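Read through the structure below, which is laid out as structure tokens, and then see the notes.
The values are calculated or read from the model by the stated rules, or taken from the named source; none is laboratory data. The shown structure was predicted, so the numbers you read here are calculated from the model rather than taken from an experiment. With ideal geometry, Cβ positions are generated from the backbone for all residues, glycine too; neighbour counts draw on all protein chains shown.
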Amino acid sequence: MRRQEDTQDPQRPPHLDLLGAGPRPVPEDLAARVRDAVTEDRGLLARLRALPTRGREALAAVVVLALSVAVLLATPRHDLSGYPGFRMSLVLGALAVLGLIALRASLRPLHRPSLSPRRRTALALAALATPLVLAVLPDVYSGAALHAQVTSSVLDAAWRCLVFGVVVGAPFLLAALLLDRSGLRLRPHFLFAGAAAALTGNFALQLHCPITDPLHLVLGHASVVLPFLVLEAFVRRRA
Amino acid sequence: MNHGQVPSLSVARLFFAWLVFFAAAVRGSRAKVYAETSDEELMRLYSAGDPGAFDAIFTRYGGMLLAYLERQLFRRDEAADLLQDVFLQVHRARADYDPSRPFRPWIYTVARNLLRDHFRRVGRKREVNVGEGLELHPDEGVAEPLQALVAEEVRAALATLPDDQRDAIVLHWLEGFSFPEVAEIVGAKLSAVKVRAHRGYRSLAKRLER
């Protein structure tokens, strides 16, 4: 059936002519509105948004890099030298690749076809699930000894990390808001900017927090995405 | 009366008239040049900083896109708002445009993406009710009441189709894009677009038979 549909040219649906063809006359006030909107689109923000997409993506990536370097310099994890290099590369690599994909999706220009619903769902699920999977991976290194030094309560430590991750991720969301040509007004753009912000927060936490307890990682690190999801839902409801 | 001022005034007036004439001639010749310039070249000129090229693009595509948006939205005010957004996005994306690629599918992709986002936000449900909020355009040539009723039915039937089938039908049969161009606009394979058009046609025919 599908093969037949592939090869034959589809028939013209009935009565379509009744809907009218050809251009409509554009009212002069509408033409003036369009010209005004374009003329008024100037200043630093307009120039940022008018950058080529590669440039906007590079700027957003620089923001992520700057945030990560700032965390590494200001509050690095105490066990950085002792932490297994392979596991560190795996975690940072997974978060970076996924974050980059989410970043590109959030700044996707409108002249490119939008991502299919299947791809959008897959990316959103991956952004949600990856930090969770990384949190429950079998332990290759015991940071438990450090746990007691850092804090006395699991919930307290998780809360601190959650706040830290959100605070580090938020500037990325702001950068995406400035760089996106629709100001993140388009729903998938805001969703993916939130996902990229959460992944930035997770990336920074991996460089900052020495606790390796899976419960802590789930409650304090993987859950960084939740405030961004709540924000997305709030913005969507208000739109 | 100082007779010496008369000639200088006349010279000034003559010079001013010449200036006005020269500006009009330049404007006229530029308008003629724009009219003979391809879409791709106009967009290249606009990216290079020629604001007149944007006006020429708007003159060429404003009415076409307004018709496309009105046919899908059924509300002229919303179509007008979206048209403004489309051209604002074209303006912002000018540095991304590659003149070796055809411009028409490029600008329609912008319009389609904004339209889909609009539908995501407001939903399509209200459109399905025949006659509710419907505005028929006087240029549509639907003078007969019966024809107008059928046109409303067609609109309502189109509105019930899934997005992908509706896109294939509208872009191919109403906007005049070839199937490969439709595939480029919606970001799907050619075979997938034809299948969507087939299925959309069948659903539409079934619905209109009732």
(Q) Pull out all pairs, ordered by first then second residue, where Cβ-Cβ is under 7 Å, the residues are six or more apart or on different chains, the first lies in region A:49-69 and is in contact (Cβ under 8 Å) with a residue 40 or more places away in the chain, and the second is part of a helix (DSSP H, G or I) and among the β-branched types (Val, Ile, Thr). (A) A:VAL64/A:THR200; A:LEU67/A:VAL168; A:LEU67/A:THR200
Q: List the number of the failed condition for A:LEU48; all other conditions in (1) surrounded by 12 or more Cβ atoms within 10 Å (Cβ to Cβ); (2) not in a helix (DSSP H, G or I) hold.
A: (2)
Q: Please find, within region B:32-74, the residue that is surrounded by the most Cβ atoms within 10 Å (Cβ to Cβ) out of those that are of a type in the set (Asp, Glu) and not in a helix (DSSP H, G or I).
A: B:ASP50
Q: Scan region A:20-39 and report the pairs whose first residue is facing another protein chain (nearest Cβ under 8 Å) and without any contact (Cβ under 8 Å) to a residue 40 or more places away in the chain and whose second residue is of a type in the set (S, T, N, Q) and part of a helix (DSSP H, G or I), with Cβ atoms within less than 7 Å and a gap of 6+ or a chain change.
A: A:ARG33/B:GLN84; A:VAL34/B:GLN84; A:ALA37/B:GLN84
Q | Qualifying position, being assigned to a helix (DSSP H, G or I) and at the interface with chain A (Cβ under 8 Å from one of its Cβ atoms), among B:ALA197, B:ALA156, B:ALA183 | A | B:ALA197
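Looking at A:ALA58, A:ALA66 in this structure, which one is within 29 Å of B:ASP85 (Cβ to Cβ) and assigned to a helix (DSSP H, G or I)?
A:ALA58
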Q.
I'd like the full set of residues that are acidic (Asp, Glu) and either under 10 Å from the mean Cα position of the chain (by Cα) or facing another protein chain (nearest Cβ under 7 Å) (or both), limited to region B:52-94.
A. B:GLU70
Q: Please specify each residue of region A:171-186 satisfying the condition of being within 14 Å of chain B (Cβ to nearest Cβ) and not charged (D, E, K, R).
A: A:LEU178, A:LEU179, A:SER182, A:GLY183, A:LEU184, A:LEU186
Q.
Take the conditions outside any loop (DSSP other than H, G, I, E, B), acidic (Asp, Glu) and modelled with pLDDT under 95 and apply them to A:ASP6. Does it pass?
A. yes
Q.
Test of understanding: among A:LEU67, A:LEU92, A:LEU110, A:LEU123, which residue is of a type in the set (A, V, I, L, M, F, W, C), touching a helix residue (DSSP H, G or I) at 6+ places or on another chain (Cβ under 9 Å) and within 14 Å of chain B (Cβ to nearest Cβ)?
A. A:LEU110
